[in-house]
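These notes are about the structure you will find just below.
The values are calculated or read from the model by the stated rules, or taken from the named source; none is laboratory data. Predicted, not measured: the structure shown is a model, and the values here were computed from it. Neighbour counts are summed over all protein chains in view; Cβ atoms, including those assigned to glycine, are modelled from backbone coordinates with ideal geometry.
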Ligand SMILES: C[S@@+](CC[C@H](N)C(=O)[O-])C[C@H]1O[C@@H](n2cnc3c(N)ncnc32)[C@H](O)[C@@H]1O
């Protein structure tokens with residue numbers, strides 16, 4: 001599915017978030033507060049926008065991991081085109097549920113709009129916990145359903161009945177990806193259950209911030225030992 005939309009993924013994000021998606025990623029980076037000695041693993045990095053935001057914020061190294069080669073190709077082409085901070089990024093293919101690194105390899109693990117696509121999120125959260133050094137942070141950026149019934153009505157109208165068609169046309173997609181994506185938001189764990197799963201995976205100090213009328217949530221969790 002992601003192979004068939006990779007070429008138009010960034011364009012669709014900008015158009016269908018009304019230009020807000022990069023701001024949401026910057027808010028996730030700010031929540032994780034990277035410093036110059038931090039090594040970052042961005043899981044389900046897709047075309048690399050969140051990984052690039054971490055590199056620009058001054059992290060020492062950023063590893064972007066995804067299992068769709070077509071998404072990684074776009075990410076690598078973007079990194080090659082831009083000089084400066086994105087030069088600190090390397091992209092690798094891998095599975096969020098079986099990460100290829102040794103325990104405690106990173107200071108920050110991030111996942112943007114990706115955790116709801118992972119088949120076994122609880123397993124992925126345990127892997128993220130395994131990756132982190134003491135004092136490490138996990139930041140999860142994910143779509144959410146607005147809590148206000150009034151806003152939820154218009155949000156559903158847009159995400160279920162308008163965006164699937166316009167995004168499919170922009171991507172010239174025949175896979176049905178943009179009909180699946182809004183359904184996956186509705187069926188994914190709500191923020192409270194995600195927080196419970198983080199605690200079960202060994203994280204502490206879980207905090208959550210809603211963005212843009214509750215359409216997006218940044219979740220930050222820490223490891224203490
Ligand atoms: C909606 S995109 C998000 C891309 C990017 N993080 C962003 O901010 O736009 C979801 C990505 O998750 C990846 N993905 C889904 N399941 C995965 C898994 N088990 N392991 C690694 N990547 C996965 C897909 O290949 C896709 O690139």
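Selection of the stretch 146-180 for residues being touching a residue at least 40 places away in the same chain (Cβ under 8 Å) and buried (at least 18 other Cβ atoms within 10 Å of the Cβ) yields 146, 155, 163, 167, 171, 173, 177, 178.
Of the candidates 41, 20, 50, the single residue that is surrounded by fewer than 23 Cβ atoms within 10 Å (Cβ to Cβ), within 13 Å of the ligand (Cβ to nearest atom) and in contact (Cβ under 8 Å) with a residue 60 or more places away in the chain is 20. On the given criteria, is residue 214 assigned to a loop (DSSP other than H, G, I, E, B), under 20 Å from residue 16 (Cβ atoms), under 17 Å from the mean Cα position of the chain (by Cα) and modelled with pLDDT under 95? In short, yes.
If you go through the stretch 8-17 and keep only what is surrounded by fewer than 16 Cβ atoms within 10 Å (Cβ to Cβ) and more than 16 Å from residue 50 (Cβ to Cβ), you end up with 11, 15. Among the residues of the stretch 109-118, none qualifies, meaning not one is out of contact with any helix residue (DSSP H, G or I) (no Cβ under 6 Å at 6 or more places or on another chain) and over 19 Å from residue 10 (Cβ atoms).
In the stretch 1-96, counting only helices (runs of 4 or more DSSP H) that sit wholly within it, the ones holding 3 or more residues that are in contact with a strand residue (DSSP E or B) (Cβ under 7 Å, 6 or more places away or on another chain) span 21-32, 49-56, 69-81. Taking the stretch 73-97 as the range and being surrounded by fewer than 24 Cβ atoms within 10 Å (Cβ to Cβ) and near the ligand (Cβ under 8 Å from one of its atoms) as the test, the residues that pass are 94, 95, 97.
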